[in-house]
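Enquirer: Supplied in structure tokens, the structure appears directly below.
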Amino acid sequence: MDDDKRGTGGRSRRRGVVLAGLMALAVLGTSGTALAQVKATGEVRATVLALDGEDLVVDMGAGQGASEGALVELWRPVRLKHPVSGKVFEDRFRIGTLQLGQVRTTLSLARPSGELTRTPEKGDLVILPAPVTSTSSPSTSPAPSPTDGGSAPTGQTPGESKLDAEARTVAEMFDSLQGADLIARIRKYEEYVRTTPNGRYARVLYEEAAALRRLVEAKDTPKRRTKDTEEPSIPELRSFEPPKEVLEGSRLEFVAELTDAATGALLHVRRRGESTFETVHMVSTGPGFWGGWVPKEKLQPPEIEYFIEATSAKGDAIPVVGGPEAPKHADVLPMPKIGPPRKVGASATLLTDYADYNRLRGNDWAWQTEGIFGLRYDDVGVRALRTGFGVYRGQGGSLRDLDVDGKKGRAIGLTYGYLETEVGFHRLFSLIGRMAIGLQDSGVSGGGQLIFRIGSDLDTNLLLGGELLYGIGLRGFTQLELNTIKKVPILVRTEVTNQPAGSAKGGVAETESAGASEVGVRAIVQAGYRFTPELVISARVSFQGRTIDHAGPGFGGAVGYTW
């Protein structure tokens, strides 16, 4: 026996022991009377002593009634400890049939007759059935029912409590499979797993069904057709178009083209993460074509797993697309959610602000009024679009011209419109850009703002930004908007600026300052009151100056409405 066969045999032996243990646990009482009933039926028992190539050396000879050519049964013995009572008992399950070759007085050589479900091992039991004396066949009774002889009720050994419903169901299933072929066993095991996926025996039965399928595949490997051979008797796949993706909860049909040897087809499908497949019987949709619909409840994200089997005239099931150990996959896309229409908030604000920089002398001041209309979208992406107009008026000049030489402030004016966009990178971070264009006495002028917002504009947030208005000057500012008290929104703002006369300009009267304003600072506090959820009216006060002697107060207000 080569290494591959030994490796396969080793895995099969381990699974066989597990399955045999399940059988013993399920029927419990069958082993307690097994030896006594062997004697009662007149069976002759022997043991496999050694393996010699394809031959098995058995301690059964002519002295026990063996003869050349006789058929004997090969069984696998199992010794198990009951998990509840702790009782140790023995049982066995049938592997197949042997034919005796050379028979001596005490030893014989035997070879398999037909397929064996397990690889023979030393220590396996060999049973020479007694002559048939009734209508029952001794080769199909591996373990007499515990009800025989009246020693114990069904599913109960003497002195033990009754089995639970699940164990009794498994016991009855194994009783019904005595003498059944591999395909019948596979289907019965899989049917049990599908109906009882969380049962104690589901995993072992599923693994055993998979192992039996591999055995069937190895036995019935299709022979490929060549020009010198006829159509194979084993079904083969001719064509199949796998789906790449499907919509959640939709209708999905699998269609496979099979050779004429196929008498039917089975589709096995499950959601990813499920332990068992659901079987769908495919129907003929044309010569050689078989179709089956996937149950809608299986079409759930993220994907489904499936495989297709073709059935032959013998009733064998042969995988033709994927397999139980290597199923195919198809992505399931979530159904688009139909929600309420997107809500876009709108707002309108009117703001006015007056600032005096020189003790109300009228030569260094600025008055700015803006009207703003905005649309508020999502937190991330384009958060808001705003547009509006502004009127900027004032006077200013250098400190020397105004405070030493006594000149008047140079008149400054700009009427402008602007477009502003706010882009959110996160709910708490966004960037605001503004482009402005307007008219001065000397012609077209413009400018803009760039602002970084930390926090949501719907809650407390901090603004850091700067502004350039050509011909008027520069301004940098920080602005904290406090919304902790919903009824009373508060704004605190500081500015560093050389407005309103931030750039020198020639061509003015000798009595007016032609110089640029020095840099000054502003401190602004604004408090509002929310009369309704939509309407807020605010008032502001400020103090600004360029030096300790060149400073003054300011005031302003705002009205805002949202809907």
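The values are calculated or read from the model by the stated rules, or taken from the named source; none is laboratory data. Keep in mind the model is a prediction, meaning the values are calculated, not measured. Quick reminder, even Gly has a Cβ in these numbers, built from the backbone with ideal geometry, and neighbours come from all protein chains shown.
Enquirer: Taking the stated definitions as given, is V380 farther than 17 Å from R493 by Cα, surrounded by fewer than 15 Cβ atoms within 10 Å (Cβ to Cβ) and more than 51 Å from the chain's Cα centre (by Cα)?
Expert: no
Enquirer: In region 391-436, what count of residues is obtained for those that are out of contact with any Leu (no Cβ under 9 Å at 6 or more places or on another chain) and farther than 20 Å from T497 by Cα?
Expert: The number of residues fulfilling the criteria is 11.
Enquirer: Next up: I'm checking my understanding of the structure. Among residues of region 473-497 that are touching a Leu at 6+ places or on another chain (Cβ under 6 Å) and not acidic (D, E), which one is nearest to G438 (Cα to Cα)?
Expert: Once the filter is applied, the top-ranked residue is L474.
Enquirer: What number of residues within region 394-424 are without any contact (Cβ under 8 Å) to a residue 60 or more places away in the chain and not acidic (D, E)?
Expert: Number satisfying all stated conditions: 12.
Enquirer: Output the residues belonging to region 54-69 that are over 16 Å from I127 (Cβ atoms) and either touching a residue at least 40 places away in the same chain (Cβ under 8 Å) or crowded, with 17+ Cβ neighbours inside 10 Å (or both).
Expert: Residues satisfying the conditions are E54, D55, V57, A62, G63.
Enquirer: Output the residues belonging to region 371-410 that are assigned to a strand (DSSP E or B) and among the small types (G, A, S).
Expert: G371, G374, G381, A384, G388, G390, G394, G396
Enquirer: Only one of (1) over 28 Å from F452 (Cα atoms); (2) out of contact with any helix residue (DSSP H, G or I) (no Cβ under 6 Å at 6 or more places or on another chain) is not met by N363, so which one is it?
Expert: Here N363 meets the rest and fails (2).
Enquirer: Would you call E217 at pLDDT 80 or above, farther than 30 Å from P334 by Cα and out of contact with any Asp or Glu (no Cβ under 8 Å at 6 or more places or on another chain)?
Expert: Taking the combined requirement at face value, the residue does not satisfy it.
Enquirer: Okay, moving on. Identify, by number, the condition in (1) under 22 Å from G560 (Cβ atoms); (2) surrounded by fewer than 19 Cβ atoms within 10 Å (Cβ to Cβ) that F425 doesn't meet.
Expert: Result: F425 passes all but (1).
Enquirer: When you go through I454, I437 one by one, which is the residue that is closer than 22 Å to Y377 by Cα and of a type in the set (A, V, I, L, M, F, W, C)?
Expert: I454
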